[in-house]
């Protein structure tokens with residue numbers, strides 16, 4: 001199953017929750033801290049107990065890079081724990097000149113074998129194309145992000161009347177000849193999602209900002225449902241993986257994921 | 001000596017060449033390939049033979065990340081080879097939401113002990129502030145980059161009449177309360193540098209694009225000199241570290257760096 005098929009399969013099953021493995025040693029259950037590699041054990045437990053009902057896993061590279069070479073090993077280990085048929089996202093937010101992007105692509109797609117990556121649009125087409133040339137992998141380009149700073153540049157009005165993030169969406173559609181592009185679109189403000197959803201066309205959308213950052217799962221799902229679009233991934237991290245810190249935390253995580261999936265199903269039926 | 005002082009010392013000596021350690025195993029001299037760690041040996045030789053006449057070293061993270069955990073170790077080793085009094089740049093082009101940028105900052109400033117980092121502006125102020133909070137380190141924000149794709153977003157005209165990269169420059173100046181911000185500004189088109197140099201004020205400028213990418217060293221130096229600005233670093237990588245591939249390559253690298261420095265001095269006198 002290639003990366004596009006993995007994602008299509010998840011959407012077909014009505015799975016839209018992407019589990020963000022933003023694993024922080026200070027937030028995992030206390031009883032795991034005596035393990036030799038607490039983060040690896042925690043991630044493995046989360047993955048094993050959720051993969052049957054998850055649409056995707058997103059690994060935030062910063063949480064691993066902060067530990068240097070050791071962290072990179074943890075990242076590799078965690079990647080290997082994710083079953084082959086589940087879609088994976090390298091949340092690395094890269095973007096550089098061509099020969100450099102080529103090496104980042106090599107790291108993420110060849111070495112770590114991720115299905116997709118998040119990318120900064122700022123440097124333009126040729127900074128993205130080394131990633132896009134992996135025609136069987138996907139690239140989620142940052143359009144509107146879920147943080148306050150989105151107002152500083154992303155929402156600036158251009159001379160042509162578009163906001164900058166809308167121009168990003170338009171260009172991404174133009175560049176999508178291999179049908180392997182998607183967008184990151186923050187779900188913190190429902191109005192913005194409603195106003196822009198028709199622009200997405202068939203691009204898969206990765207939505208941060210639900211849960212800990214304030215967006216509502218039900219509102220987001222209803223909005224996609226109302227526009228007949230089911231190509232979206234809602235990233236949830238802190239609101240799922242740290243839902244409990246007891247020895248039975250895994251049961252709570254499973255229940256929480258199941259509740260999310262039920263809410264989605266209820267809206268989609 | 002803190003990071004700001006290191007940079008000021010380099011400028012005082014009229015040193016402006018930043019050596020880009022974009023080290024590629026396929027491009028280093030053949031005779032080094034039998035070494036246990038050819039890239040480490042090559043980088044160490046380059047650093048030991050140039051540090052007395054270099055303004056800074058810039059390490060391009062992609063070249064190391066492509067090797068995974070092993071690459072990260074190489075990056076750590078190379079960082080440690082650079083003498084404490086020489087300014088270092090982590091060319092990592094990061095930028096993410098606050099809690100994530102905080103971890104990237106921790107990796108680059110605490111763990112790897114770089115003096116500065118390159119950052120994507122797209123996500124705005126709060127994506128940069130975790131880096132800026134390291135008040136003794138510097139952050140070079142991408143304004144205009146040296147690649148073709150700069151035309152796609154960076155050069156878009158805004159409703160207020162500025163081009164996007166000019167808006168980045170204006171905001172960077174507003175956010176520079178700790179006096180630890182700088183800009184990346186591509187040197188491939190001289191006219192753009194001339195048109196914008198008065199906007200830089202006291203921000204240090206990192207210029208890619210000279211040499212392999214087509215910009216002229218003399219033109220760039222003259223432009224800064226004519227506007228009475230000496231706060232600039234010209235990054236040279238391929239045009240210096242791969243200038244020769246014989247067993248005597250180090251002598252050629254030294255000569256090349258000396259030639260660059262002489263050209264700069266000639267213009268500045």
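In table form, for the structure just shown:
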quantity: The listed residue being touching a helix residue (DSSP H, G or I) at 6+ places or on another chain (Cβ under 9 Å), crowded, with 18+ Cβ neighbours inside 10 Å and either more than 9 Å from chain A (Cβ to nearest Cβ) or assigned to a loop (DSSP other than H, G, I, E, B) (or both), out of B:63, B:109; calculated: B:109
quantity: Among residues of the stretch B:179-189, those that are in contact with a helix residue (DSSP H, G or I) (Cβ under 8 Å, 6 or more places away or on another chain) and over 15 Å from residue B:201 (Cβ atoms), counted; calculated: 2
quantity: Candidate set from the stretch A:67-91 (those that are modelled with pLDDT of 95 or more, outside any helix (DSSP H, G or I) and out of contact with any strand residue (DSSP E or B) (no Cβ under 9 Å at 6 or more places or on another chain)); member that is farthest from the other protein chains (Cβ to nearest Cβ); calculated: A:85
quantity: Counted residues, the stretch A:235-250 - those being surrounded by 13 or more Cβ atoms within 10 Å (Cβ to Cβ) and either out of contact with any helix residue (DSSP H, G or I) (no Cβ under 6 Å at 6 or more places or on another chain) or more than 29 Å from residue A:139 (Cα to Cα) (or both); calculated: 11
quantity: Filter result (assigned to a loop (DSSP other than H, G, I, E, B) and under 20 Å from residue A:30 (Cα atoms)) within the stretch A:210-269; calculated: A:237, A:242, A:243, A:244, A:245, A:246, A:247, A:248
quantity: Residue in the stretch B:123-134 that is in a loop (DSSP other than H, G, I, E, B), over 25 Å from residue B:215 (Cβ atoms) and in contact with a strand residue (DSSP E or B) (Cβ under 6 Å, 6 or more places away or on another chain) present; calculated: no
quantity: Some residue of the stretch B:142-153 being more than 7 Å from every other protein chain (Cβ to nearest Cβ), modelled with pLDDT of 95 or more and surrounded by 24 or more Cβ atoms within 10 Å (Cβ to Cβ); calculated: yes
quantity: Members of the stretch B:105-115 found to be touching a strand residue (DSSP E or B) at 6+ places or on another chain (Cβ under 9 Å) and closer than 17 Å to residue A:62 by Cα, listed by number; calculated: B:105, B:107, B:108, B:109, B:112, B:113, B:114
quantity: Any hit, the stretch B:13-21, residues being within 14 Å of chain A (Cβ to nearest Cβ), in contact with a helix residue (DSSP H, G or I) (Cβ under 6 Å, 6 or more places away or on another chain), in contact (Cβ under 8 Å) with a residue 60 or more places away in the chain and within 14 Å of residue B:240 (Cβ to Cβ); calculated: yes
quantity: Only one of A:185, A:200 that is away from every other protein chain (no Cβ under 14 Å), under 19 Å from the mean Cα position of the chain (by Cα) and free of Cβ contacts under 8 Å to residues at least 60 places away in the same chain; calculated: A:200
quantity: Qualifying residue in the stretch A:160-169 (condition: touching a residue at least 60 places away in the same chain (Cβ under 8 Å), closer than 29 Å to residue B:129 by Cα and in a strand (DSSP E or B)); calculated: no
quantity: Of all residues making up the stretch B:170-182, the number that are in contact (Cβ under 8 Å) with a residue 24 or more places away in the chain and either within 13 Å of chain A (Cβ to nearest Cβ) or not in a loop (DSSP other than H, G, I, E, B) (or both); calculated: 7
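Listed here are the residues, each with its yes/no results for (1) in a helix (DSSP H, G or I); (2) closer than 24 Å to residue B:116 by Cα; (3) under 19 Å from the mean Cα position of the chain (by Cα).
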| position | (1), (2), (3) |
| --- | --- |
| B:18 | no, yes, yes |
| B:22 | no, yes, yes |
| B:26 | no, no, no |
| B:40 | yes, yes, no |
| B:43 | yes, yes, yes |
| B:46 | yes, yes, yes |
| B:51 | yes, yes, yes |
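The values are calculated or read from the model by the stated rules, or taken from the named source; none is laboratory data. It should be emphasised that the depicted structure is a prediction, and the values quoted were computed from it without experimental measurement. Every residue, glycine among them, receives a Cβ derived from its backbone with ideal geometry; neighbour counts consider all protein chains shown.
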